[in-house]
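Undergrad: Can you keep this structure in mind? I'll have questions shortly.
The values are calculated or read from the model by the stated rules, or taken from the named source; none is laboratory data. Quick caveat, the model's predicted, so the values are computed rather than measured. Here the Cβ positions follow ideal geometry from the backbone for every residue, glycine too, while neighbour counts run over all protein chains shown. Side chains included, ligands, DNA and RNA excluded: accessible areas come from the protein's heavy atoms. Shrake-Rupley method; radii C 1.70, N 1.55, O 1.52, S 1.80 Å.
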Amino acid sequence: MAADKIVILTGAGISAESGLGTFRDEGGLWSQHRIEDVATPEGFARDPDLVHGFYNARRQHAAKATPNAAHTALATLEAKHPGEVVIVTQNVDGLHEAAGSRNVLHMHGRLAGALCAACDARWEAPPEMHKPDPCPTCGAPATRPDVVWFGEMPYYMDDIWAHLASADVFAAIGTSGEVYPAAAFVRDAAMGGAHTIEINLAPSSTVSDFAETCFGKATETVPAWVASELKRAAGR
Ligand code: APR
């Protein structure tokens, strides 16, 4: 019998114990900044310096962060599980890759990425970005963080829906289930026959869509879940 394909959706909660803030918890990023000012194309058009300042600070903070036991456990799962393991992350930090995960889809983009709003060129972002910086490809002063803002289409959606349709196991880790389309992935996976599990500090808005739940801090719950998945795969 073929080994299970495991699709994992991660949110800000998996990076919380690495010192990176979440968005909607007490004191989270969206209690410090208005989404419409720093995470929409309209906000960027209105005040590009404010938006670049917000992402420059997050980029520099994230660059100093290190993966935690939850990121490391998922990298171990990808390395040791006989079936395919895919991480679809809403996070824009690079902690999954820093922990050794390779099969990672950043549906909301990456803090380490830069994008030219004029010609769509992409390159690795410098620590500090400013809108007048010329695009290295077309020279236009139209640089922006390669992060998906509210109102923009997330990246890799066709690949993600194909992975969800063929998943045997779908796990959502550290996400509040407040933002679509990611919040509906559990239903897409279940419709494809996947077993679904929510691994979170507290029940998300979509907790009732999951067949199984596991609550606690990611650095404790994720390594335990990975160990159980590897044991189950070995016993097949
Ligand atoms: N371990 C596990 N889960 C945790 C931990 C932890 N140590 N700390 C917090 N959490 C959980 C919270 O209970 C919450 O359910 O992580 C979740 C964080 O939710 P949000 O702050 O809403 O973050 P996220 O779900 O990733 O947001 C989705 O919204 O603003 C947009 O683009 C942004 O990608 C983001 C998207």
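Undergrad: Return the whole-Å distance between the Cα centroid of the stretch 24-53 and the Cα centroid of the stretch 144-161.
TA: 17 Å
Undergrad: Roughly what % of DSSP beta bridges within the stretch 88-236 run antiparallel, to the nearest 5?
TA: On the way: 7 of 18 bridges.
So the antiparallel bridges amount to about 40 percent of the total.
Undergrad: While we're looking at this one, here's another question. For the stretch 17-61, what does the alpha-carbon gyration tensor say about shape, rounded, prolate or oblate, given a ≥ b ≥ c as the root eigenvalues, a/c under 1.5 as rounded, and a/b over b/c as prolate?
TA: Details: a/c = 3.21, a/b = 1.55, b/c = 2.07.
Since a/c reaches 1.5 but b/c is at least a/b, the shape of the stretch 17-61 is classed as oblate.
Undergrad: For the chain, take the longest principal axis of its alpha carbons; what is the angle in degrees between that and the long axis of helix 48-64, to the nearest 10 within 0 to 90?
TA: Approximately 40 degrees, to the nearest ten.
Undergrad: For Pro48, what is the net charge nearby, where nearby means another residue's Cβ is under 10 Å from its Cβ and Lys, Arg count +1, Asp, Glu -1? Mind showing how you got there, number by number?
TA: Details: positive: Arg46, Lys131, Arg144; negative: Asp47, Asp49.
Overall, the nearby charge balance is +1.
Undergrad: What does the charge count around Asp37 come to, taking other residues whose C-beta lies under 10 Å from its C-beta (Lys +1, Arg +1, Asp -1, Glu -1)? If you can, show how the numbers build up before the last one.
TA: Values: positive: Arg34, Arg46; negative: Glu36, Glu42, Asp47.
Local charge sum for Asp37: -1.
Undergrad: Still on this structure, please answer the following. Where in the stretch 1-62 are there trypsin sites (Lys or Arg not before Pro) that are in a DSSP coil and have at most 11 other Cβ atoms within 10 angstrom of their Cβ? Working shown, then result.
TA: Working: sites: Lys5, Arg24, Arg34, Arg46, Arg58, Arg59; in loops: Lys5, Arg24, Arg34.
Loop-located and lightly packed - Arg34.
Undergrad: Then there is this: Relative to the longest principal Cα axis of the chain, at what angle does helix 69-80 sit, 0 to 90 degrees, rounded to 10?
TA: Compared with the principal axis, the helix lies near 60 degrees.
Undergrad: Averaging sequence separations of C-alpha pairs under 8 Å and six or more residues apart, then dividing by the length of the chain, give the relative contact order as a whole percent. Kindly include the intermediate steps, with their values, before the conclusion.
TA: On the way: 462 pairs, mean separation 54.8, N = 236.
Here the relative contact order equals 23 percent.
Undergrad: For n ≥ 4 DSSP H runs only, could you compute -39500 (n - 2.57) per run for the chain, divide by its residues and tell me the 222 nm figure to the nearest 500? Please list the in-between numbers first.
TA: Numbers: 9 runs with 81 residues, N = 236.
The helix-only estimate for the chain comes to -9500 deg cm²/dmol at 222 nm.
Undergrad: Report, to the nearest 10°, how far helix 218-234 tilts away from the longest principal axis of the Cα atoms in the chain, using its own Cα long axis and a range of 0 to 90°.
TA: 50 degrees
Undergrad: Can you pull out the cysteines in the chain that have no other Cys Cβ under 4.7 Å?
TA: Here Cys214 come out as lacking a disulfide-compatible partner, given the Cβ-Cβ threshold of under 4.7 Å.
Undergrad: Tell me, what is the per residue accessible area of the chain in Å², probe radius 1.4 Å?
TA: Working: 10750 Å² over 236 residues.
Result: 46 Å² of accessible area for each residue.
Undergrad: Between beta-carbons, use under 12 Å as the cut-off and find the net charge around Gly21, counting Lys and Arg +1, Asp and Glu -1. Write out the running numbers ahead of the final one.
TA: Values: positive: Arg24, Arg58; negative: Glu17, Asp25, Glu26, Asp93.
Surrounding charge for Gly21 is -2.
Undergrad: Now for a different question. Quick one: pull the percent of accessible area on the chain belonging to carbon and sulfur, 1.4 Å probe, ligands and nucleic acids left out.
TA: Numbers: 5990 of 10750 Å².
That share works out to 56 percent.
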